[in-house]
Amino acid sequence: MTTVARLVLGGVLIAAGGLKIGNPADSVVAVKAYQLLPESVAVPVGYALPILEIVVGLLLVVGLLTRVAGVIAGVLMFAFVFGIAWAWANGLRIDCGCFGGGGQLAAGQEPAYLLDIVRDFGLVLLAAWAVRFPPGRFALDGALGLEGGRRDDEEDER
């Protein structure tokens, strides 16, 4: 289960960051659309977010520094849940920008806040699992003896 949690969470982060990294200005627009951060903070966050998502995603996929990557991923996902809930509660009509794009929705488009919140909260739970039960099968942590890496037969017992 830990391996699945790492791979799903890492894959989602890599995809999200990969779709944003080619056009970081869109990521900045998406961060600003939430109206949570002052512009002086929103701009660097918007530029850094795709890079952070890709790096954390890669760490999870290869199982390196699994607990640290899991904590960062969980905090990111919880921040996304909070941001989407904030937008919804404040009547903002924005695209979450989770997988590129972002900003104000066009006329006639409806936000999918509930679906976005449920998805991201599910990813928070996967991050919590990866933190609680690292590193799982085929993780570099185990191969390198980091973070008390488990043997495969101990993983099978779970």
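The values are calculated or read from the model by the stated rules, or taken from the named source; none is laboratory data. All values reported here derive from a predicted model rather than from experimental measurement. Using ideal geometry, Cβ is built from the backbone for each residue, glycine included, and neighbour counts are taken over all protein chains shown. To get the accessible areas, we keep the full protein, side chains included, count just its heavy atoms, and leave off ligands, DNA and RNA. Shrake-Rupley method; radii C 1.70, N 1.55, O 1.52, S 1.80 Å.
Summary table below
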{"item": "Principal-axis tilt of helix 2-21 within the chain, Cα atoms, nearest 10 degrees", "result": "40 degrees"}
{"item": "Volume per residue of the C-alpha convex hull in the chain, rounded to whole Å³", "result": "102 Å³"}
{"item": "DSSP-assigned coil residues among trypsin sites (Lys or Arg not before Pro) in the stretch 1-77, each with at most 10 further Cβ atoms within 10 Å", "result": "none"}
{"item": "Among Val131, Val118, Val28, residue whose mean-square fluctuation peaks in a GNM of the chain (springs only between Cα atoms under 10 Å)", "result": "Val118"}
{"item": "Cut-off under 5 Å, modelled amide H: who pairs with Arg137 long-range", "result": "Thr3"}
{"item": "Student exercise, the chain dipole from Lys, Arg, Asp, Glu Cβ charges, in Debye to nearest 20", "result": "180 debye"}
{"item": "Mean shadow area of the stretch 18-84, taken as a quarter of the surface of its Cα convex hull (nm²)", "result": "4.5 nm²"}
{"item": "Karplus-derived HN-Hα couplings along the stretch 134-142 (A = 6.51, B = -1.76, C = 1.60, θ = phi - 60°), whole Hz, x at Gly and Pro", "result": "x, x, x, 5, 6, 9, 5, 3, x"}
{"item": "Carbon + sulfur, % of accessible area of the stretch 67-124 - ligands and nucleic acids excluded, 1.4 Å", "result": "71 percent"}
{"item": "Mean accessible surface per residue for the stretch 1-155, computed with a 1.4 Å probe while every protein chain stays in place, in Å²", "result": "50 Å²"}
